[in-house]
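Notes to accompany the following structure.
The values are calculated or read from the model by the stated rules, or taken from the named source; none is laboratory data. Remember, it's a predicted structure, so these values are computed and weren't measured experimentally. Methodologically, a virtual Cβ is constructed for each residue, glycine included, from the backbone with ideal geometry; neighbour enumeration extends over all protein chains shown. Please note that ligands, DNA and RNA were not included when accessible areas were found on the heavy atoms of the full protein model with its side chains. Shrake-Rupley method; radii C 1.70, N 1.55, O 1.52, S 1.80 Å.
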Amino acid sequence: MIRTFGTGSVCALLLTQGSKYATCRAAHHSGSFDVAVVGGGIVGLASARELILRHPNLTFTLLEKEKELSLHQTGHNSGVIHSGIYYTPGSLKAQLCVRGAMLTYQYCQKKGVPYKKCGKLIVALEREEIPRLKALYERGQVNNVQDLRLIDAKAIREKEPYCRGIMALDSPNTGIVDWRLVALTYGKDFQEAGGTVITDFEASDIKVAAESPAGNAEGLKYPIIIHSSQGEEVRCRFVLTCGGLYADRLSEISGCSSEPRIVPFRGDYLVLKPEKNYLVRGNIYPVPNPRFPFLGFHFTPRMDGSVWLGPNAVLAFKREGYKLFDFDTQDFVNAVSYRGLQRLVMKNIAYGMGEIYRGVFTSAQVKNLQKFIPELSPSDVLRGPSGVRAQALDAEGNLVDDFVFDGGKGELGSRILHVRNAPSPAASSSLAIAEMIADELEKRFQL
């Protein structure tokens, strides 16, 4: 006999006036669906929404292991709507980010989700950075990022009176938004279209049913069984996983490759004291250094009026570990025993030690930020929140920089699609990613 939804709850999203985020309430449900989407972050929710809008005659469910949706990467990011400047022309990241940003602004306007086009300056401090800055401008032009311009020191001060630099790339269409609110609005759309959201359901096994359920006249119409860690089951015809920090493990439990491996990197932010928020108007970023794997510290205004500074990037000892001493033995051993991480560390050991040092000593982090805003002092900042990034690594220690899909072989492989890597800027690109994923599912599963 199938035991269904013992402690898992079917979530009805309530986005009412005066309520910023969704809550859950009981709703009627059944245990079999045409398509199950595993993972309630922004990519999973956007994909579920896109699929049900395209195929209203099919039944869909979204499974999330937490009691609420979008608590992890979606709920712990900087809140920036990226415009698509950085990414290699012709790459999926470039195409999806530019289209995704456009779709995001249209969606927020239509749904009444607050956002701000506060812009971004990528600021060169030294003359040696100017060729890289100009190359970014040219790249942005090729990627069709709108309204980019190079500005001089005087124009920098006009836009950011407290920022110093000799040249900057001005991106006025970069914005900010509460990405968790956006994701939950996707979820509301999904449910209003007839989708079922089931929270508190941690997928622990995905397999093909050996036989049809007793008394089920539909036979093996729903041949895939998704088991939860608490002994519950959901049956479906097809599965899409958007597991974020657990993308590799979801792939492994269905018999697919363990690579690319997800290695968690924690980013710690500082926050300006409220009386110092006047120092920053929009996003201020450094010119990326190609020798280092991450973008570096930046200044990011938030929708609530606060300003975040950072983040650094250090290995997290737990995949969902947002505090310095959060530790999980399995996560730690999996990360440090992986040849890919070992090679990445050896290639970037000085950079990594610097990130750890700046994470421990606030004054060291502020010293870097003072290069852009000299008026900033250690007494102006407080320790802020942290986020954990799901960084996909290959065995050679290379950051996997584009999207990776995996399905596997056999009967199960023909009915499952794993989103193995949806790298930053996945939130900015989420609606465009959802279109691509829906196209891929339609092709593979002939929906």
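Scanning the range 16-32 for any residue that is among the hydrophobic types (A, V, I, L, M, F, W, C), under 22 Å from the mean Cα position of the chain (by Cα), at pLDDT 95 or above and open to solvent by less than 30 Å² (accessible area, probe 1.4 Å) turns up nothing. For residue 182, state whether it is assigned by the TED database to the domain that holds residue 43, closer than 18 Å to residue 424 by Cα and open to solvent by less than 30 Å² (accessible area, probe 1.4 Å). Yes, satisfied.
Taking every residue in the range 352-378 that is farther than 12 Å from residue 270 by Cα and pairing it with any residue that is hydroxyl-bearing (Ser, Thr, Tyr) and assigned to a loop (DSSP other than H, G, I, E, B), at least 6 positions away or on another chain, the pairs with Cβ-Cβ distances below 7 Å are 373/162; 375/162.
Being of a type in the set (Phe, Trp, Tyr) and more than 30 Å from residue 252 (Cβ to Cβ) is a condition met by no residue of the range 405-421.
Checked against (1) of a type in the set (Phe, Trp, Tyr); (2) within 23 Å of the chain's Cα centre (by Cα); (3) closer than 30 Å to residue 279 by Cα, residue 405 meets all criteria but (3). Of the residues making up the range 50-81, those that are part of a loop (DSSP other than H, G, I, E, B), open to solvent by 10 Å² or more (accessible area, probe 1.4 Å) and within 30 Å of residue 172 (Cβ to Cβ) are 73, 77, 78. Are any of the residues in the range 136-155 of a type in the set (Ser, Thr, Tyr), closer than 13 Å to residue 282 by Cα and open to solvent by 50 Å² or more (accessible area, probe 1.4 Å)? Within the range 136-155 (the criterion being of a type in the set (Ser, Thr, Tyr), closer than 13 Å to residue 282 by Cα and open to solvent by 50 Å² or more (accessible area, probe 1.4 Å)), the answer is no, since none of the residues qualifies. Assess whether residue 117 counts as being open to solvent by 20 Å² or more (accessible area, probe 1.4 Å), touching a strand residue (DSSP E or B) at 6+ places or on another chain (Cβ under 6 Å) and either in the same structural domain as residue 436 (by the TED database) or at pLDDT 95 or above (or both). It is true that residue 117 is open to solvent by 20 Å² or more (accessible area, probe 1.4 Å), touching a strand residue (DSSP E or B) at 6+ places or on another chain (Cβ under 6 Å) and either in the same structural domain as residue 436 (by the TED database) or at pLDDT 95 or above (or both). Among the residues of the range 373-392, those identified as of a type in the set (A, V, I, L, M, F, W, C) and either over 16 Å from the mean Cα position of the chain (by Cα) or not assigned by the TED database to the domain that holds residue 341 (or both) are 373, 376, 381, 382.
If you check 84, 44 for being in contact with a Cys (Cβ under 7 Å, 6 or more places away or on another chain), assigned to a loop (DSSP other than H, G, I, E, B) and buried (at least 21 other Cβ atoms within 10 Å of the Cβ), only one passes: 84.
If we scan the range 144-163, do we find a residue that is acidic (Asp, Glu) and in contact with a strand residue (DSSP E or B) (Cβ under 7 Å, 6 or more places away or on another chain)? Yes.
Candidates in the range 263-294 are the residues that are closer than 24 Å to residue 132 by Cα and out of contact with any strand residue (DSSP E or B) (no Cβ under 9 Å at 6 or more places or on another chain); of these, the one that is modelled with the highest pLDDT is 289.
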